[in-house]
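The structure appears below as structure tokens.
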Amino acid sequence: MNIPFNRRAVYGAVVLAGAVVAGTPALADELGMIQVESTTIDDRFEQKREEPSNIAVISGDEVDAAHTENIQQLLQSIPGVTTEVQAGDSIKIHIRGIENQVYMGEKPGVAVVIDGVPVFERTGRVNIDLDNIESIKVVKGGASYLFGDDALSGAVIITTKRGAKYKGFTVAGERGSFDASKTLVRAGFAEDKFAGHVQASRRATDGYYDDSASEAEYVNGKLQYYIDDVSDVSFGFERSERNKNSHGAITAVAAETDPESKDIFSYNDYANHYDVDLAKYFVTYSRDVDATDNLLLSLYSFRDDTLYVSKPNRNDPTLYEVLNDYEQVQNGLKSEYRSSGEQVAWMAAVDLRRNRYKNNTYNNIDIADNPWTPWVNESASAGDAISDDTTDEAVNAVYGELKFQLSDPMTMTLNGRVDRIDLDYDSNLSALKLEKSFTVSSWRLGGNYQVADNRDVYANVSTGFRAPSINQLFAGDISPTGTTDNNPDLKPEHAINLEIGFRTKTMLFGAATDIDVAVFQIDRKDYIMTTAGQYAVADGVNTMYDNIGGVRNRGLELSVDSQVSPEWSWNLAYTYLDAKFTDYDNFNLLLGNRYGEECTVDPGFDPNTEYCLEHYNNEGNVVPRTPKHHMNLAASFRPSSYWTITAELDATSSYFADEVNQVKIAGRENVNLLVNYDRKFGDSVWSFFARVDNLFDETYFNTARGGTGDSKTVDSNADGVYDSYDGIYNSDDISVVVNPGRVYTAGVSVKF
């Protein structure tokens, strides 16, 4: 499917941005005292001045004013950040192209940190109550020196709402396309010794895609007690219950006539019907020991109970064969001590985690004899256990930061962290017990050189790591198929990030403007992949996970934020990304019926009863779903003190849908429009908004995948019939999620 270039979209945004004509002088920041700003517990420090890495910050007020459906619509304004939207608020976050190459449930390679704690949900996706965000800070480059495991390319640091500004009562309501709705009630108070708030909200939608309805209910809040003038303690909590479906992924053939995925035989969702129950609790203690020293201590407990179904039945894809009951509990303690000075500042910290992951799977329906899976209990009945196992993970880490001023213009920063990770696996079905331990170090060395009062050059080298999972280490024992082997010698995979950048506050076309530009390179060598390539291997060949993959991502990131006048402002985010495989010689493309016999004659085999494997060396190929160019341009106009009108153009160039680089997806240009009206009446503040996403109702794919070795995304005939194969891999065989088109949202809130 070729998506044409949208001249109207570009014209509309350029006309609005082109009205930027006047300016106000920039304000200089004083260097001040050297401080450690890379705290991981309490993100109080948004100053970029001495930071040696490329960072971006979105305030809670900006989040509230944007009225977005999901966090993707916020993060697309940050250079280097891409997100993958499956449906609704089911999001995977990627930074600088890392982990765009993976297929299903792997972790995203980005640490998502909420109130100081790296958290993740089942399948690596992240969900957050958008109405409870105080700030979002994005740190790009390897960030394991702060957050440990999986921070290969950076971190998204989310701080939830707090403080006296939420005093009073707030009620809000929204309505939108596909019967979307939101209601919110918040109550807050602020006294001499106490401040806090509690809020409850509900979001629901029927969804654009067939069988994609979802609803989410949140209750959360935070209470702060000011012990004395130099210390306080905060208690935060969140409970949420979410029910969501994930239908939306279909074949490219079906997308032409069935973009809403109503035809059951065009479904391509391996997992669906999620029932998610989340609970988050934390207590944070802060004390200013003296004018330059501070102690932070945080205790937390996060729980994720997720129930969902997977593995569509081959004869009726509306029936799922497996019921999954997954529970993870993350308990921990973190403590940081920071000291600031005129020439030297430092932080010393400990991070202790005790995590438990329980995985129970059952047959969801009665399973008849299946000749294609002889290793499975052939006469299994609904309710029979398939797996019942627990993995305990203990993480003991120390980390720190040292910042020192070599000269008046030059500040250096050194970070280091050492993690000890212990994994213990216990199966209640087979009495299998496994264990493995890793000791991993990570670091960052960076500097900031003040060229002038408002001009800085910064550079850093940083690292990220990911430890092997217990399933990767012992796949042969945990999921025995007779063709999968263990590999207990797996090593943690590492990424190294090189970055140099320039930031300035200047006058651009007469306007006060912040500019930040950076170039980067991330190298991942020996990252963990299966020796089957992407889920396809010839009969009689055993596979295992091994340190055999390599990727190099290079690029440029540019952000411009300009305040032309009190009425006009605009900002630009641009990313150039060149992501290529440096080592990937084990890719097998499966053609035909993977459940049939291996072909003996090629060409000329019967694709409906046989399969053939085509072997590829993908070294030098472009990583799929990594467009070379991504631009986000937004302009805001305030015709009066009450009104704000914002137009946004978000555009990407073409990208490949597959590792073999045979199917290219055309670029797209998308225009969004937002109108806010805020006015005070007596003691109350009323806010109205209307938002239109995809203003010109353009057709494009949210995501596209191909060449994965799955029978529905490699070789399905042009008629889209389930279990029909033609033995040819082409653009008809990719799996896509179609954008829902123009979406309207409107709402009102009142604070009193």
Item to complete: Identify the single condition in (1) at pLDDT 95 or above; (2) under 26 Å from Glu619 (Cα atoms) that Thr543 does not satisfy, given that it satisfies every other one.
Response: (1)
Worksheet item: So Ala431 fits all but one of (1) assigned to a strand (DSSP E or B); (2) free of Cβ contacts under 8 Å to residues at least 24 places away in the same chain; what number is the exception?
Response: (1)
Item to complete: Starting from residues that are assigned to a loop (DSSP other than H, G, I, E, B) and not charged (D, E, K, R), keep the ones in the stretch 108-120 and report whichever is modelled with the lowest pLDDT.
Response: Phe120
Worksheet entry | Residue in the stretch 156-166 that is aliphatic (A, V, I, L, M), within 30 Å of Ser749 (Cα to Cα) and surrounded by fewer than 19 Cβ atoms within 10 Å (Cβ to Cβ) present | yes
Response to the item:
Going through the stretch 590-629 in order, the residues found to be exposed (fewer than 15 other Cβ atoms within 10 Å of the Cβ) and aliphatic (A, V, I, L, M) are Val601
Item to complete: Can you run down the residue pairs with Cβ atoms below 9 Å, 6 or more apart or on separate chains, where the first is in the stretch 686-700 and under 16 Å from Asp64 (Cα atoms) and in contact (Cβ under 8 Å) with a residue 40 or more places away in the chain and the partner is among the polar types (S, T, N, Q) and part of a loop (DSSP other than H, G, I, E, B)?
Response: Arg691/Thr68
Worksheet, complete the sentence: Looking across the stretch 334-355 at residues that are in a strand (DSSP E or B) and farther than 29 Å from Glu393 by Cα, the single one that is modelled with the lowest pLDDT is Gly341
Worksheet item: Can you find a residue in the stretch 569-587 that is in contact (Cβ under 8 Å) with a residue 60 or more places away in the chain and surrounded by fewer than 17 Cβ atoms within 10 Å (Cβ to Cβ)?
Response: no
Practice prompt. Please work out if Thr504 is under 30 Å from Gln563 (Cβ atoms), of a type in the set (Ser, Thr, Tyr) and in contact (Cβ under 8 Å) with a residue 24 or more places away in the chain.
Written response: yes
Practice prompt. Would you point out which residue out of Ser298, Ser246 is more than 30 Å from Asp210 (Cβ to Cβ) and surrounded by 16 or more Cβ atoms within 10 Å (Cβ to Cβ)?
Written response: Ser298
Item to complete: Output the residue which, of all residues in the stretch 683-712 that are surrounded by fewer than 19 Cβ atoms within 10 Å (Cβ to Cβ), among the charged types (D, E, K, R) and at negative phi, is modelled with the lowest pLDDT.
Response: Asp683
Discussion item. I'm trying to understand the selection: among the residues of the stretch 543-602, which are within 25 Å of Ile58 (Cα to Cα) and among the hydroxyl-bearing types (Ser, Thr, Tyr)?
Written reply: Ser559, Ser562, Ser565, Ser569, Tyr574, Thr575, Tyr576
Item to complete: Sort through Gly476, Gly447, Gly482 and tell me the only one that's more than 21 Å from Asp523 (Cα to Cα) and either assigned to a strand (DSSP E or B) or in contact with a Ser or Thr (Cβ under 7 Å, 6 or more places away or on another chain) (or both).
Response: Gly476
Fill in: the stretch 671-682, subset touching a Phe, Trp or Tyr at 6+ places or on another chain (Cβ under 9 Å) and either buried (at least 21 other Cβ atoms within 10 Å of the Cβ) or among the aromatic types (Phe, Trp, Tyr) (or both), residue nearest to Val750 (Cα to Cα)
Tyr677
Fill in: Filter result (modelled with pLDDT of 80 or more, farther than 28 Å from Asp129 by Cα and in a loop (DSSP other than H, G, I, E, B)) within the stretch 239-274
Asp258, Pro259
Worksheet entry | Condition check for Ile91: at pLDDT 80 or above and in contact with a Lys or Arg (Cβ under 9 Å, 6 or more places away or on another chain) | no
Item to complete: List every residue pair whose Cβ atoms sit under 8 Å apart, with the two residues 6 or more apart in sequence or on different chains, where the first one lies in the stretch 393-421 and is within 14 Å of Glu342 (Cβ to Cβ) and the second, anywhere, is among the basic types (Lys, Arg).
Response: Thr411/Lys403
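The values are calculated or read from the model by the stated rules, or taken from the named source; none is laboratory data. On a predicted model such as this, the values are computed, not experimentally measured, just so you know. Counting neighbours? That spans all protein chains shown, and the Cβs are built from the backbone with ideal geometry, glycine included.
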